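Here's the structure we're looking at; comments come further down.
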Amino acid sequence: MDTVALEIGGICTSIQSAHAEVLRLVQARYAGFLSHAVPAWRLRVGTRPGGRTSLVGVVVRGDGDGGHLQLERHDFVATIDLGERRATVALAEIDEIAVDSFLRVAFSLILLEADGLVVHAASLARDGRGYLFPGRSGSGKTTLARLSPDARLLSDELSIVRL
């Protein structure tokens, strides 16, 4: 099983898969986040038979002790073991949206331990300071970022904030 490592929000995570297509997609999509650091988390990616389901939204179920979570969305099903810092995900189809969606949900949970969170926001850096502009889709985050040529764009979609 081959592996790619990503560092997002200061947390290195290895992504393992027997599917070369998954690793190619991750390497291309997250090229700016590739890492050689020792991974703190391990994610194993596979596929599930049956394709997509009609589920709306993301369903998160816990085991009662908060250590094991089950995640389900129309295009993936996953388990996360917070104590062991590992997860498995089965994608309905190997595509960018399913991988992005799983990583967004997974990092939302992974970052809690590191006093961090994912915010739907544009973020900019200027003069050694960071600026965060949260908002709903269509509220002008990207426009704001484009109107700030003297600032460095960090993200116009999702931003990670850590203490």
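Evaluate segment 84-97: report whether one residue or more is at positive phi and outside any helix (DSSP H, G or I).
Yes, segment 84-97 contains a residue that is at positive phi and outside any helix (DSSP H, G or I).
Looking at segment 146-163, which of its residues are of a type in the set (Lys, Arg) and more than 11 Å from residue 9 (Cα to Cα)?
The answer is 146, 152.
Can you name every residue in segment 136-163 that is without any contact (Cβ under 8 Å) to a residue 12 or more places away in the chain and farther than 25 Å from residue 106 by Cα?
Within segment 136-163, 139, 140, 143, 146, 147, 149 qualify.
Please identify the pairs in which a residue from segment 12-40 that is without any contact (Cβ under 8 Å) to a residue 40 or more places away in the chain and more than 24 Å from residue 92 (Cα to Cα) has its Cβ atom under 7 Å from the Cβ atom of a residue that is open to solvent by 80 Å² or more (accessible area, probe 1.4 Å) and outside any strand (DSSP E or B), counting only partners at least 6 apart or on another chain.
12/38; 34/27
Which of the residues spanning segment 43-54 are assigned to a loop (DSSP other than H, G, I, E, B) and either within 20 Å of the chain's Cα centre (by Cα) or touching a residue at least 40 places away in the same chain (Cβ under 8 Å) (or both)?
Scanning segment 43-54 gives 48, 50, 51, 52.
With 162, 152, 85 as the choices, which residue is closer than 25 Å to residue 1 by Cα, open to solvent by 20 Å² or more (accessible area, probe 1.4 Å), in contact with a strand residue (DSSP E or B) (Cβ under 6 Å, 6 or more places away or on another chain) and among the charged types (D, E, K, R)?
85
Condition first: within 22 Å of residue 155 (Cβ to Cβ) and either of a type in the set (Phe, Trp, Tyr) or open to solvent by 70 Å² or more (accessible area, probe 1.4 Å) (or both). Now tell me which residues in segment 5-58 satisfy that.
Matches in segment 5-58: 7, 27, 28, 29, 30, 32, 33, 34, 41.
Consider residue 127 against the criteria (1) open to solvent by 20 Å² or more (accessible area, probe 1.4 Å); (2) in contact with a helix residue (DSSP H, G or I) (Cβ under 9 Å, 6 or more places away or on another chain): it satisfies all of them except one. Which criterion is unmet?
The number of the failed condition is (2).
Report whether or not residue 70 is open to solvent by 80 Å² or more (accessible area, probe 1.4 Å) and over 21 Å from residue 108 (Cβ atoms).
Considered against the rule, which asks whether it is open to solvent by 80 Å² or more (accessible area, probe 1.4 Å) and over 21 Å from residue 108 (Cβ atoms), residue 70 comes out as no.
So, of the residues in segment 93-121 that are free of Cβ contacts under 8 Å to residues at least 40 places away in the same chain and touching a Pro at 6+ places or on another chain (Cβ under 8 Å), which turns out to be least open to solvent (accessible area, probe 1.4 Å)?
Among those that are free of Cβ contacts under 8 Å to residues at least 40 places away in the same chain and touching a Pro at 6+ places or on another chain (Cβ under 8 Å), it is 121.
Mind checking whether some residue in segment 47-57 is modelled with pLDDT of 90 or more and in contact with a strand residue (DSSP E or B) (Cβ under 9 Å, 6 or more places away or on another chain)?
Yes, that holds for at least one residue.
Go through (1) in contact with a Lys or Arg (Cβ under 8 Å, 6 or more places away or on another chain); (2) modelled with pLDDT under 90 one by one and return the number of the condition residue 42 breaks.
Just one mismatch for residue 42, condition (2).
The values are calculated or read from the model by the stated rules, or taken from the named source; none is laboratory data. None of these values were measured; they are calculated from a predicted model. Virtual Cβ from ideal backbone geometry, glycine too; neighbours counted across all protein chains shown. Only protein heavy atoms, including side chains, enter the accessible area calculation; ligands, DNA and RNA are left aside. Shrake-Rupley method; radii C 1.70, N 1.55, O 1.52, S 1.80 Å.
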